[in-house]
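Working notes for the structure below.
The values are calculated or read from the model by the stated rules, or taken from the named source; none is laboratory data. This one's a predicted model, so the numbers in the text were calculated from it and none came from an experiment. Cβ placement follows ideal geometry from the backbone for every residue including glycine, while neighbour counts extend to all protein chains displayed.
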Amino acid sequence: MEPERQNLKTTLPLCLGRYHISEEYGFLLPNPLKELPDYYQPWMEIATKLPHLIESHQLRARVNRVLPRNLAIPLVEVSRTLGFPPILVHADLVLTNWTKKDPEGNLETIVSLPGGESLRGFVLVTVLVEKAAVPGIKALTQVISAIQQPDDDALLEALQRLRLSIQDITRTLGQMHDYVDPDIFYAVIRIFLSGWKDNPAMPVGLVYEGVSAEPLGYSGGSAAQSSVLHAFDELLGVRHSKESADFLCRMRDYMPPSHKAFIEEIHAAPSLRDYVLSPGHARCLEAYNLCLEALVELRSYHITMVTKYLITAPAKARSKGTSHLPGPPRALENRGTGGSAVLSFLKSVRDQTQEARLC
């Protein structure tokens, strides 16, 4: 067992509320605000008209690798208060950007970007993926509690709930095919998820006027900024290659700080791998391996999805040669929205998950 695990004073069982995690909605923010106070009305007017302003070039014409100080300064101040980098992140676009539009529970986005129904589908399917993870998030705390007691029956039940949640995430992710057009995602949506770091189109970054005279580089919005798989990896003891681990660690700085603290708490908790490997826990070891297999299947499916939307889509657009959509620069091809070499990264994390399986 790692020394850091042995020496830790535990405060478990974990309380989700302490980390601003909802029992019903998980990492999603319950009931996000649709409107801000009157003081922020100019911002809200821009936000509600954002697709039109971008498509008509009225917004882009005012920004030329420099974010004006009247936007940069308050953006940076608000971001610092919230603990985020001053750029669009997963928490902005997904966790806090949804609402129920009717009593039946149908969902709608609060703020949109260009991309029409495909953008709406991309955001809301991702919201549903986060919602599908809720039973798994609860199971994490139940696993740790069962190890501490110890209680193998409770541990088996929690691991089964975790496995079923991971499988539900995979099924929910499949709804992207129904609601998101690959051509629209690649040529329109993908542009607005790109950041100023690892982006060949903006190699020196963006100047935040009134904040820094030098350009600043931040990664774009990425699924790697979702806390879900980070938490699952920590519980299951999945260890990634240095390059992949470095990228994933950096993505944690783009999460709500309380969610990042939750992931670190799981890392510091008693080791599930050590427990199932100890004598007398063969049934738990089998259940642990089934969770890993479900996680491998999820990551394999994600590779298929990314191949369709980020690899195949631009290749088809080039072969047609008639697309009216401008698309991102060629240099961004084969790169994830967070800036990673997307396929090699995803295959690496999938393979390391597979290697975590115990005999």
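For every residue, the table says whether it meets (1) within 15 Å of the chain's Cα centre (by Cα); (2) modelled with pLDDT of 95 or more; (3) of a type in the set (A, V, I, L, M, F, W, C).
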residue: ASP151; (1), (2), (3): no, yes, no
residue: ARG161; (1), (2), (3): no, yes, no
residue: LEU164; (1), (2), (3): no, yes, yes
residue: ARG171; (1), (2), (3): no, yes, no
residue: ILE189; (1), (2), (3): no, no, yes
residue: VAL204; (1), (2), (3): no, no, yes
residue: SER212; (1), (2), (3): no, no, no
residue: GLY217; (1), (2), (3): no, no, no
residue: GLY220; (1), (2), (3): yes, no, no
* **Complete set of residues in segment 80-97 that are among the β-branched types (Val, Ile, Thr) and in contact with a Phe, Trp or Tyr (Cβ under 6 Å, 6 or more places away or on another chain)** => ILE87, VAL89
* So which residues in segment 229-246 are crowded, with 22+ Cβ neighbours inside 10 Å and either under 15 Å from VAL89 (Cα atoms) or not hydrophobic (A, V, I, L, M, F, W, C) (or both), if there are any at all? -> HIS230, ASP233
* Asked: Of the residues VAL211, VAL238, which single one is touching a residue at least 24 places away in the same chain (Cβ under 8 Å), part of a loop (DSSP other than H, G, I, E, B) and within 24 Å of THR141 (Cβ to Cβ)?
  -> VAL238
* To do: Consider only pairs whose beta carbons are under 7 Å apart and that are at least six residues apart or on different chains; among these, list those whose first residue lies in segment 27-51 and is closer than 22 Å to PRO257 by Cα and whose second residue is β-branched (Val, Ile, Thr) and part of a helix (DSSP H, G or I).
  => PHE27/VAL228; LEU28/VAL127
* Structure fact -> Taking first residues from segment 333-359 that are at positive phi and second residues anywhere that are modelled with pLDDT under 95, the pairs with Cβ under 6 Å that are 6 or more apart or on different chains are GLY339/LYS197; GLY339/ASP198; GLY339/SER219
* Asked: Does LEU310 satisfy the condition of being buried (at least 18 other Cβ atoms within 10 Å of the Cβ), touching a Phe, Trp or Tyr at 6+ places or on another chain (Cβ under 7 Å) and farther than 19 Å from ARG18 by Cα?
  -> yes
* Here is a list of conditions, (1) within 30 Å of LEU71 (Cβ to Cβ); (2) surrounded by fewer than 19 Cβ atoms within 10 Å (Cβ to Cβ), and SER219 meets all of them except one; can you say which number that is? -> (2)
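Per-residue answers, yes or no, for (1) farther than 18 Å from ALA139 by Cα; (2) surrounded by 15 or more Cβ atoms within 10 Å (Cβ to Cβ):
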| position | (1), (2) |
| --- | --- |
| ARG250 | yes, yes |
| TYR254 | yes, yes |
| LEU272 | no, yes |
| SER278 | yes, no |
| ARG283 | no, no |
| ASN289 | no, yes |
| VAL296 | yes, yes |
| THR304 | yes, no |
* State all residues of segment 190-226 that are touching a Leu at 6+ places or on another chain (Cβ under 6 Å) and within 18 Å of PRO314 (Cβ to Cβ); if no residue qualifies, say none. => PHE192, GLY220
* To do: For segment 64-83, state whether one or more residues are crowded, with 21+ Cβ neighbours inside 10 Å and either hydroxyl-bearing (Ser, Thr, Tyr) or at pLDDT 95 or above (or both).
  => no
